[in-house]
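*Asks:* Following this message is one structure expressed as structure tokens.
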Amino acid sequence: MTAQLPLEQEVARLIVDTLNLEDVVPEDIDPEAPLFGEGLGLDSIDALELALAISRTYGFQLRADDANNAQIFSSLRALSQHIERHRTQ
Amino acid sequence: MSTLPLIAGARERDIIAWHEGLALTLPQFQDDVARVAGALPDGACLINLCENRYAFLLAFAAGLSRGLQTLLPPNRSEQTVADLLAEHAGGQVIDDAWVNAALADAAPLPPPQLIDADRLAVTLFTSGSTGRPSAHRKRWRALFAGAELTRRRLPFPDGPCNLLATVPPQHMFGLETTIVLPLVSGLRIDTGRPFFPADVQARLAALPPPRVLVTTPLHLRACVEAGLRWPAVEFVLSATAPLPVELAAKAEAAFAAPVLEIYGSTETGAIATRRTTNGPLWTPYPGVRITPTEDGACAEVAHLDDLRQPLNDLVEVEADGRFRLLGRSADLINIAGKRASLADLNLKLQAIEGVLDGVFVMPDHADERTRLCALVVAPSLSNQDILERLRRVLDPAFLPRPLYRVEALPRNAAGKLPRQALLDMLHTLGRD
């Protein structure tokens, strides 16, 4: 696995804390592995929770309509890049 | 033979649906249904997995017009769909791409105006407690009558009204409200399925008023917590699990509109409503009577074939027929509006090769987002192995979080697993 970049470390912690993933260590999340399904095993309930945490932490609302939702959540890296582009705080 | 229309309540130039901002008129819709009907193979039953609501609506209406029933599996997992295909000769999986190809290529087969009211329209499957899904068959007559009752009960404005829904059409509430109701009542459905609160807000704003939002407690909570400004709606409709009154009050404030709930089940369809902030009592639809039974409750529903339907909830009925819910049978769980039987989940877990023993546990004080935990005895498997195998047979909402591998389950002398012993074990594991 490639190393986590600084924002990826922060987002990994946000994911683990928000979703109470008791058996996941944030540093162990492969930044290029899928977050949903086979990878970290997240689902749509998590996506809603995560969207709320992201809006509170980074000051913008996630949208699925105007972008490819599957792409945004495809990996920790993709999600972190999306946050980097849209964050207001 | 008694007949009913396939499409009712809409006039020739009326709009049936809003598809990505475009108005779809009745003639356009009928043309599209004819093309999809022309592409359906004879004798098929349609496993409708369409993500796009318009594609689902077309395939459903086309199937109904051809006398080909729709099958709706309890979830979309590979194994579930494969099992359904194996058990139904002529099973045809319909997805968005299939419908798009039909629209582009097929020779149209115009639908009849009237169809046999007793025609089998759809079979919905729910996971039973036996390890095999149970089938719930719906005739067009019953779906039609249920939608008419909902139309009359809820405070829809006179004249055109536009619905936006966050729910998929593949379960009973979604099917009744976002597919059958628009077909038979003249209400117009937005064919999207917005997911994040900002999506819901944008889709609502793009619809002309009057508008109604159809959703679930899970999405409603997300919308309320997002702290957005909401476009005007006539009311918000929620179903699939009872709404906590605090959440309903916050939602009424956020949307500046009443929040109404439907009570129903896959077996009965919608049978009662309440405005949550007015109190806990549900008012049954006309022709519906709820009665407590020895081990639960049952509903007598005049428009269904089987007049008496057992309910999964315990109820207390007032003299005037209104009722309150007292909780549900301990075997049944509801996560994000999806129902499952713990007994069935346990069977699926124990059926995994390498799992010697295992049990799912729902923690105390659960809300609609609370996940199951699992305790598993499987010395030769990793957590990932077990989760991967569960994922093939379960809806992701029921995957255990966390899953603990343990040396033995706290079975008592009778071989049973007392709930308190399981909770104690989870508590100890969680602290380590």
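The values are calculated or read from the model by the stated rules, or taken from the named source; none is laboratory data. Just so it is clear, the model here is predicted, and its values are computed rather than measured. Glycine also receives a Cβ, built like all others from the backbone with ideal geometry; neighbour counts cover every protein chain displayed.
Residue-wise test of (1) assigned to a loop (DSSP other than H, G, I, E, B); (2) free of Cβ contacts under 8 Å to residues at least 60 places away in the same chain; (3) surrounded by 15 or more Cβ atoms within 10 Å (Cβ to Cβ); (4) touching a helix residue (DSSP H, G or I) at 6+ places or on another chain (Cβ under 6 Å).
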site	(1), (2), (3), (4)
B:P400	yes, yes, yes, no
B:N412	yes, yes, no, no
B:L417	yes, yes, yes, no
B:Q420	no, yes, no, no
B:D424	no, yes, no, no
B:G430	no, yes, no, no
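*Asks:* Out of the residues in region B:250-270 that are part of a strand (DSSP E or B) and touching a residue at least 60 places away in the same chain (Cβ under 8 Å), state the one that is nearest to B:L304 (Cα to Cα).
*Replies:* By that ranking, first place goes to B:G269.
*Asks:* Additional query: Determine whether B:V315 is within 20 Å of the chain's Cα centre (by Cα), crowded, with 17+ Cβ neighbours inside 10 Å, outside the structural domain of B:L372 (by TED's automatic domain parsing) and of a type in the set (V, I, T).
*Replies:* It is false that B:V315 is within 20 Å of the chain's Cα centre (by Cα), crowded, with 17+ Cβ neighbours inside 10 Å, outside the structural domain of B:L372 (by TED's automatic domain parsing) and of a type in the set (V, I, T).
*Asks:* Right, here's the next one. With the checklist (1) within 16 Å of B:E261 (Cα to Cα); (2) within 14 Å of chain A (Cβ to nearest Cβ); (3) surrounded by fewer than 24 Cβ atoms within 10 Å (Cβ to Cβ); (4) of a type in the set (A, V, I, L, M) in hand, flag the one item B:L164 doesn't pass.
*Replies:* Evaluating B:L164 over (1) within 16 Å of B:E261 (Cα to Cα); (2) within 14 Å of chain A (Cβ to nearest Cβ); (3) surrounded by fewer than 24 Cβ atoms within 10 Å (Cβ to Cβ); (4) of a type in the set (A, V, I, L, M) leaves (3) as the failure.
*Asks:* Could you check region B:98-156 for strands (runs of 3 or more DSSP E) lying wholly inside it with 1 or more residues that are within 21 Å of B:L311 (Cβ to Cβ)?
*Replies:* B:120-127, B:133-139
*Asks:* Would you be able to say whether some residue in region A:79-88 is away from chain B (no Cβ under 12 Å), basic (K, R) and within 28 Å of B:L390 (Cα to Cα)? First the steps, then the outcome.
*Replies:* Restricting attention to region A:79-88, the residues satisfying the condition of being away from chain B (no Cβ under 12 Å) are A:79-85, A:87-88.
Filter once more, keeping what is basic (K, R): A:85, A:87.
Still in the list and also within 28 Å of B:L390 (Cα to Cα): none.
No, region A:79-88 contains no residue that is away from chain B (no Cβ under 12 Å), basic (K, R) and within 28 Å of B:L390 (Cα to Cα).
*Asks:* What's the number of the only condition in (1) within 13 Å of chain A (Cβ to nearest Cβ); (2) more than 30 Å from the chain's Cα centre (by Cα); (3) not hydroxyl-bearing (S, T, Y) that B:A397 fails to meet?
*Replies:* (2)
*Asks:* Now for a different question. Working only within region B:275-308, note down all residues that are aliphatic (A, V, I, L, M), under 21 Å from the mean Cα position of the chain (by Cα) and part of a loop (DSSP other than H, G, I, E, B).
*Replies:* Result: B:L304, single match.
*Asks:* Could you check how many residues of region B:222-262 are more than 24 Å from B:V288 (Cα to Cα), within 14 Å of chain A (Cβ to nearest Cβ) and buried (at least 23 other Cβ atoms within 10 Å of the Cβ)?
*Replies:* 2
*Asks:* Yes or no: B:V167 within 15 Å of B:G9 (Cα to Cα) and out of contact with any Pro (no Cβ under 7 Å at 6 or more places or on another chain)?
*Replies:* For B:V167, the condition - within 15 Å of B:G9 (Cα to Cα) and out of contact with any Pro (no Cβ under 7 Å at 6 or more places or on another chain) - is not met.
*Asks:* May I pose another question? Determine which member of the set B:D320, B:D331, B:D357 is modelled with pLDDT under 90 and not hydrophobic (A, V, I, L, M, F, W, C).
*Replies:* Answer to the check: B:D331.
*Asks:* Among the residues of region B:185-201, what is the count of those that are in contact with a Lys or Arg (Cβ under 7 Å, 6 or more places away or on another chain), aliphatic (A, V, I, L, M) and either farther than 25 Å from B:L149 by Cα or within 13 Å of another protein chain (Cβ to nearest Cβ) (or both)?
*Replies:* So the answer is 1.
*Asks:* Pick out the one residue from A:D23, A:D30 that is facing chain B (nearest Cβ under 8 Å), in contact with a Leu (Cβ under 9 Å, 6 or more places away or on another chain) and surrounded by fewer than 18 Cβ atoms within 10 Å (Cβ to Cβ).
*Replies:* A:D23
*Asks:* Looking only at residues in region B:383-394 that are facing chain A (nearest Cβ under 8 Å) and charged (D, E, K, R), which one is surrounded by the fewest Cβ atoms within 10 Å (Cβ to Cβ)? Outline the logic, then answer.
*Replies:* Within region B:383-394, the first condition is being facing chain A (nearest Cβ under 8 Å), and the residues that meet it are B:383, B:387-388, B:391.
When the remaining residues are screened for being charged (D, E, K, R), the result is B:388, B:391.
Values: B:E388: 15, B:R391: 18.
Among residues in region B:383-394 that are facing chain A (nearest Cβ under 8 Å) and charged (D, E, K, R), the one surrounded by the fewest Cβ atoms within 10 Å (Cβ to Cβ) is B:E388.
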